Amino acid sequence: GAVVSQHPSRVICKSGTSVKIECRSLDFQATTMFWYRQFPKQSLMLMATSNEGSKATYEQGVEKDKFLINHASLTLSTLTVTSAHPEDSSFYICSARLGGASKEQFFGPGTRLTVL
Amino acid sequence: GEDVEQSLFLSVREGDSSVINCTYTDSSSTYLYWYKQEPGAGLQLLTYIFSNMDMKQDQRLTVLLNKKDKHLSLRIADTQTGDSAIYFCAERGYSSASKIIFGSGTRLSIRP
């Protein structure tokens, strides 16, 4: 299957700082990328859908000013957690779809964010 | 709204078959997926099935779909210790705007 990478895999930061997470589709162009958040022993919660060249669409309850998403190219999307707080600590997973209506959606390895 | 449900835990003996069940509510679901998540890792797409199919087999994996009952199952033959993971059932519609809806995940553990 297609490969999606994330960087960094783990990050520890102080409360109040901003953290940027990168998501790349390595061997395909992704028109649409998705950002999920996963709490321990829970399922994935969709945060936002990101389309290349346009503003991200956020799910209800997700603060767009706190979780900034940029989809600058067909292979790169970034999630910036601004002014991070301990409650933002979580496992963030990105995903990329091969094409708009493509049946296949591939996931990155995840980024573990710990805010002290 | 759309909902996908799975049992939380399953324990099987090594070498036996594992059957993980899933039910969903969205009658317009077009694609149904099974993903595997190992500890600390992302999701690995195991297999998927179109809603117009009843069964799909891929090596040790068999997916059965009962569209009338909105029931999906994943059978893993000859379960090995490496199969220990969380298995997520998921569904989505056909359009480019459709989002994948995940179940809560089933934690599969293997007994020696």
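Values in this text are rule-based calculations from the coordinates and carry no lab data. Since this is a predicted model, take the numbers as computed values, not measurements. Note that each Cβ is placed from the backbone with ideal geometry, even for glycine, and that neighbours are counted across all protein chains shown.
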query = Under the condition of being out of contact with any Lys or Arg (no Cβ under 9 Å at 6 or more places or on another chain) and of a type in the set (A, V, I, L, M, F, W, C), which residue from the stretch B:72-107 is nearest to B:Y31 (Cα to Cα)?
reply = B:A90
note = Residue count, the stretch A:1-27, condition more than 10 Å from chain B (Cβ to nearest Cβ), outside any strand (DSSP E or B) and either within 12 Å of the chain's Cα centre (by Cα) or more than 12 Å from A:V115 (Cβ to Cβ) (or both), comes to 4
query = Which condition number in (1) surrounded by fewer than 18 Cβ atoms within 10 Å (Cβ to Cβ); (2) within 14 Å of chain B (Cβ to nearest Cβ); (3) of a type outside the set (S, T, Y); (4) over 15 Å from the mean Cα position of the chain (by Cα) is the one that A:H85 fails?
reply = (2)
ask   = Among all residue pairs at least 6 apart or on different chains, which show Cβ distances below 9 Å where the first residue, located in the stretch B:84-100, is at the interface with chain A (Cβ under 9 Å from one of its Cβ atoms) and the second is basic (K, R) and part of a loop (DSSP other than H, G, I, E, B)?
value = B:I86/A:K41; B:R92/A:K103; B:R92/B:K99; B:Y94/A:K103
message = Can you tell me which residue is surrounded by the fewest Cβ atoms within 10 Å (Cβ to Cβ) among those in the stretch A:28-47 that are within 12 Å of another protein chain (Cβ to nearest Cβ) and in a loop (DSSP other than H, G, I, E, B)?
response = A:P40
inquiry  = With the requirement that a residue be part of a loop (DSSP other than H, G, I, E, B), buried (at least 16 other Cβ atoms within 10 Å of the Cβ) and polar (S, T, N, Q), what does the stretch A:48-73 give you?
reply    = none
message = Which numbered condition in (1) in a loop (DSSP other than H, G, I, E, B); (2) out of contact with any Ser or Thr (no Cβ under 8 Å at 6 or more places or on another chain) is the only one that A:T78 fails?
response = (1)
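Have a look at B:T62, B:T79, B:T106 and point out the one that is more than 14 Å from the chain's Cα centre (by Cα) and not basic (K, R). Before you say what the answer is, go through the steps one by one.
Details: B:T62 fails: more than 14 Å from the chain's Cα centre (by Cα); B:T106 fails: more than 14 Å from the chain's Cα centre (by Cα).
Testing whether each residue is more than 14 Å from the chain's Cα centre (by Cα) and not basic (K, R) leaves just B:T79.
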query = Can you tell me how many residues in the stretch B:1-20 are surrounded by fewer than 20 Cβ atoms within 10 Å (Cβ to Cβ) and closer than 19 Å to B:K68 by Cα?
reply = 4
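Just to verify a result, which residue in the stretch B:14-54, among those that are hydrophobic (A, V, I, L, M, F, W, C) and closer than 20 Å to A:Q38 by Cβ, is farthest from the other protein chains (Cβ to nearest Cβ)? So that I can check it myself, show each step before the final result.
As a first pass, look at the stretch B:14-54 and keep what is hydrophobic (A, V, I, L, M, F, W, C): B:19-20, B:22, B:32, B:34, B:41, B:43, B:45-46, B:49-50, B:53.
In the following step, the residues that additionally are closer than 20 Å to A:Q38 by Cβ were identified as B:20, B:22, B:34, B:41, B:43, B:45-46.
On the way: B:I20: 14, B:C22: 12, B:W34: 13, B:A41: 6, B:L43: 4, B:L45: 6, B:L46: 10 Å.
Per the stated criteria, the residue is B:I20.
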inquiry  = Can you list the strands (runs of 3 or more DSSP E) lying wholly within the stretch B:21-98 that have 3 or more residues being surrounded by 13 or more Cβ atoms within 10 Å (Cβ to Cβ)?
reply    = B:31-37, B:43-50, B:61-66, B:71-76, B:85-92
